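Below you'll find the structure, written out as structure tokens, and then a few comments.
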Amino acid sequence: MELAWYALLGLFFASYLVLAGYDYGVGLSLAGNADPGRRRAALNAVGPFFLGNEVWLVAAVGILFGAFPVLEGELLSGFYPIVLGALAGVILVTAGVQLRSRPAHERVRARWDRVVVVGSTLAALGWGALLAGLLQGVPRHADGHIAGLTHLLTPFVAAAALATVALVAVHGATFLTLRLPAADAAGAGRLARRLVPVAIAAVGAATVVGLLSARVRETAQRPALGVLLPVALVAALLVARVALARRRPGVAFAATGAALALPVVLVGATLWPYALVSTVDSGASLTVADAAASGPTLRLLGWLALPLVPALLGFQLMCWWVFRGRTDGRAPVYW
Amino acid sequence: MDTLLLARLQFATTAGIHFLFVVVTLGLVTLLVGLQTAWVITGKQKYERLTRFWGQLYVINYVLGIATGIVMEFQFGLNWSGVSRYVGNVFGAPLAIETLVAFFLESTFLGMWIFGWHRLRRGVHLALLWGVALTAYASAFWILVANSWLQNPVGYEVRDGVAHLTDFGALLTNPTFGMAFGHVVAASLLVGGMLMAAVSAYHLIRRTPDYALHRTSLRIGLVTSALAITLVQGFGFAQFGPVGAVQPTKFGAGDDAQATIAEWTAQFGPGDYTPPVLASVGLGFMILIGLTLGTLWLLLPLLFRDWIIRLRVPLWLILLAVPLPLVAVILGWLAREVGRQPWVAYGLLPVDQAVSPVGAPVMLVSLIGFSLLLGTLAVTNWVLMARHAVRGAHDPALGRPPGPSADVPTEPAFV
């Protein structure tokens, strides 16, 4: 039961990173784009999916609260500054994308676009840092609380956060290659191809720093899966690069999407059976089973999730299906 | 400054801003459903234009609703980790249900609705708005179930200091829930209706060329708010009995309150168990505003032969009255939430046990940072809403037919 809920939590958070990941990637791409028309076209390529993408985070935190209340409290308060940064980023992107076209002046719109760039960067940094923080363990004491916040200040957290920004940027550019009108997609494709080596270098750097960190080595319950993560990421990035060169943006998008989902899956699997591994007291590590809500709550939520999750996925699929294909002159423009 | 006070201030700020936006969302979406349904059934262009105009204002308002909603959701874990630890098994369930049943679907539907103009069949497009509205109501329902549990914890048993769910049905039949839900929904309709009437009144005062359009929305808004204020009053006064019975300290210091405080002192040790006076002040002024707004009924006869427009003074009154329901909403929230102090979960979990063990400096940075961020966004959002309301209904961006000229703003610049 706990495993099923943990998997569902992972599914929602990974889906959030994949889907909102391209929102943030497109957001980052605004930084290097001086042409107002193209900036707006990029945002409207995300268009109908934007709101539906962001709420995967809301649902993930809902599941975290309902099914893993103890983990929710410890994780969010123990990673306070990181969660704060990511949250500020999410808010800035949410408001920026939706409001940027409401003023009519290009100067004001350009200012909103900078808000979106800053927000996208913060969100990508934050979620990358959160996953890295899980992988390097937390100073959880016998009283069940994580002490202090300085445990987050490590080179590994910084390197992994930067690598996430790079992954998100590649993912966003790949999305635009897939979705913009064919004439504009070539430019996005070139950008994505140029970003792939940057992302590989960033993942490589994070890997080296991680392997050198004793905390990371000791926290990993299944080191083989931990090592598999960077290997799989590099493989996905290479697949994306080849697919982009061969003008197969769909394949490339699947690959960059996998590169954002894999960290969630493999970090979870590397730490299993723990959700939080303590670096100061091995007895204080929090197992997934202990973090979960008690039986009656999980059963209640389970009966509810059974019909609900397929419905949620169904309506998201409907959205993707209705608005599939490249944007063109017939596509509504609102953002 | 201690962590607890900072955490409480942050919760009050975020929840207060959130509430101001969600009541407007809930009220406007109901009116929008009516407008778009009328458009699809009658095919009249008037209703299409009203749907686009009010849809645009609704969508702008929604931005801050969702942004503050996300902050609210995270805040429990960030600042109140004790809530998850001690009562998360019970309190977490309705919140999780809300995110999945309501929040998630509401946004998915809304994204499709915004970008579905001229692309989806009319029936499908209308169904999406109905979906947005129903999930918005579901959202209010489950959030109030969760909030009512904090007001009056039911359906649980405590084992090893942690609350476990025993009877989920009791959460739904909680005496602090039903009337409060009706009260909040009616208040949302009041806010939405008065907003619609006020914006229309502004255009009628200014004699904008769109006379027929704004006359229609004035009538819709006014009738809605008159009906709503009566419901607000009814559901409001109906709460005194059931809430007073389970929360003796909320409305003053009678014998029941003294007995309850004596009980708590025995169980939890001595402490200040009387809620701050702010709660009763909020309650008093809210009732005052509620009774004042009852005079909306006096304006209804003036709809006959458009006397309300010809006399003009009523239009000014409607315009000036628009902050009143929003102020009342905040005061009512203060009465309900401050009246629960010093408890997170009434009689079960005191606030000082629920606050996260983070340092005061971190909490202060969080409070200042998020208050500034959300405050700035809220003000910007209202300015944008006001500008779009003033601009009128001649060509809202929402539902504009796609075409090569869509990127070029056709409306006069108001920046």
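Tabulated values for the structure
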| quantity | calculated |
| --- | --- |
| Rounded percent of accessible protein surface that carbon and sulfur make up, the protein assembly as shown, 1.4 Å probe | 69 percent |
| Charge dipole (the range A:141-295, unit charges on Cβ, about Cα centre) - positive-most of A:Gly283, A:Leu233, A:Ala269 | A:Leu233 |
| Sum of -39500 (n - 2.57) over DSSP H runs of 4+, divided by residues of the protein assembly as shown (222 nm, nearest 500) | -25500 deg cm²/dmol |
| Dmax and Rg, reported as Rg then Dmax, of the range B:292-380 (C-alpha, Å) | 21.7, 64 |
| Chain A: most fluctuating residue of A:Val165, A:Val157, A:Val231 per GNM, C-alpha cutoff 10 Å | A:Val231 |
| Excluding exposed DSSP-loop trypsin sites (Lys or Arg not before Pro) (at most 10 other C-beta within 10 Å), longest clean stretch of chain A | A:1-245 |
| Rg/Rh (Cα only; Kirkwood hydrodynamic radius) as it applies to chain B | 1.00 |
| Mean separation of Cα contacts under 8 Å (6+ apart) over length of chain B, as relative contact order % | 25 percent |
| Residues whose placed amide H lies under 5 Å from that of B:Ser356, excluding near-sequence neighbours | B:Trp80, B:Ser81, B:Gly82 |
| Length-normalised contact order of the range A:118-180 in % [C-alpha pairs under 8 Å, at least 6 apart] | 44 percent |
| Cα-only Debye scattering, the range B:1-112: base-10 log of I(q)/I(0) at q = 0.09, 0.21 Å⁻¹ | -0.35, -1.16 |
| Cα lying deepest toward the dipole's positive end in the protein assembly as shown, options A:Leu149, A:Ala293, A:Val118, charges on Cβ | A:Val118 |
| Relative contact order %, the range B:51-181, counting alpha carbon pairs below 8 Å whose residues are six or more apart | 25 percent |
| Surface accessible to a 1.4 Å probe, per residue, for the residues of the protein assembly as shown, Å² | 37 Å² |
| Chain B: most fluctuating residue of B:Leu35, B:Leu128, B:Leu291 per GNM, C-alpha cutoff 10 Å | B:Leu291 |
| Calculated FRET value between B:Lys44 and B:Val124, using beta carbons and R₀ = 25 Å, to 0.05 | 0.80 |
| Between 0 and 90°, nearest 10: helix B:211-237 axis offset from chain B longest Cα axis | 20 degrees |
| Contour excess over end-to-end distance, with Cα ends at B:Leu298 and B:Thr376 and 0.36 nm allotted per residue | 24.3 nm |
| Volume per residue of the C-alpha convex hull in the range A:2-322, rounded to whole Å³ | 124 Å³ |
| Interface size A-B, as summed buried accessible area [1.4 Å probe, Å², nearest 100] | 6600 Å² |
| Cα shape, the protein assembly as shown, gyration tensor, a/c 1.5 rule | oblate |
| C-alpha long axis of helix B:178-206 to longest principal axis of chain B, angle in ° | 30 degrees |
| Rounded if a/c under 1.5, otherwise prolate or oblate - the range A:80-169, Cα gyration tensor axes | prolate |
| Square roots of five times the Cα gyration tensor eigenvalues for the range B:115-171, Å | 40, 10, 9 |
| For A:Tyr274, distant residues with modelled amide H under 5 Å away | A:Val288 |
| Trypsin sites (Lys or Arg not before Pro), loop per DSSP, at most 10 other Cβ atoms within 10 Å - longest free stretch of chain B | B:208-415 |
| Proportion of all alpha-carbon pairs of the range B:93-212 beyond 22 Å (%) | 56 percent |
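The values are calculated or read from the model by the stated rules, or taken from the named source; none is laboratory data. Keep in mind that what you see is a predicted model, and the values were worked out from it rather than measured. Cβ sites come from the backbone with ideal geometry, for glycine too, and all protein chains shown count toward neighbours. The accessibility values were calculated without ligands, DNA or RNA, using every heavy atom of the protein model including side chains. Shrake-Rupley method; radii C 1.70, N 1.55, O 1.52, S 1.80 Å.
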